[in-house]
Amino acid sequence: MKLESKYFDSVRVKPDQEQAVRQQAPSCQWKGCAAAGVHKAPRGRGREGEYFLLCLDHVRQFNASYNYFQGMSNTEVEAYQKDSITGHRPTWKAGANAWSHGTREGRSNAPGSQNPFNDPHEFFAHAAGAAAGSGSDSRRALKPLELKSLEHLNLSSGASRDEIKSRFKELVKRHHPDANGGDNRSEDKLREIIQAYNYLKQAGLV
């Protein structure tokens, strides 16, 4: 296509339109430049979101010499780059938090706690109370097989761990074949006692 072609003249910006764009755009902020400033250049560290408006030639010159870390030491630059990985938000080692580092005031709601921590919902206080009461006579509702196993040992549902162990030893001695002359009925009873005790052990009652 020839530069003198009428088709070339119809597609390029006309001189009067180009002049109107330049007049509407702000002036280049480079000292001594009167061209249109239509290109953004950052103002620098600490002024993020703020820009100079420069012409094309001067924004190229600005970018060629721009240094975001100007005025910072090598140590400060390395620290900045390291913090940028987490978006400059505070972090802690695995298994630690703000309370363990002393950056927040911690408190413990658990009775007798030696390591204060923040427990706003008193979850651990409840758990500590439950653990303290585990040594009492209170026990969860027993399942039918657990009750039946206790019956095989001639014990009630409120039997303690020590009572179950003591009764098991007593019944094993009583129904052992050596103590009953090889009586088959005694062997069946002994097998029944051992199975009942093992089930109670698996259920956590022994």
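The values are calculated or read from the model by the stated rules, or taken from the named source; none is laboratory data. Bear in mind the structure is a predicted one, so any value in this text is a computation, not a measurement. Cβ atoms come from the backbone with ideal geometry, glycine included; neighbour counts cover every protein chain shown.
A few comments on the model shown:
- Restricting attention to segment 150-192, the residues that are in a helix (DSSP H, G or I), of a type in the set (A, V, I, L, M, F, W, C) and surrounded by 14 or more Cβ atoms within 10 Å (Cβ to Cβ) add up to 6.
- Cβ pairs under 9 Å, 6+ apart, first in segment 181-198 and within 17 Å of Glu146 (Cα to Cα), second acidic (Asp, Glu) and part of a helix (DSSP H, G or I): Ala196/Glu151
- The set of residues in segment 46-95 that are among the charged types (D, E, K, R) and outside the structural domain of Cys28 (by TED's automatic domain parsing) comprises Glu76, Glu78, Lys82, Asp83, Arg89, Lys93.
- Residue in segment 157-173 that is farthest from Gln202 (Cα to Cα), counting only those that are polar (S, T, N, Q) and at pLDDT 90 or above: Ser166
- Restricting segment 159-206 to residues that are farther than 27 Å from Leu142 by Cα and of a type in the set (Gly, Ala, Ser), the residue that is nearest to the chain's Cα centre (by Cα) is Ser186.
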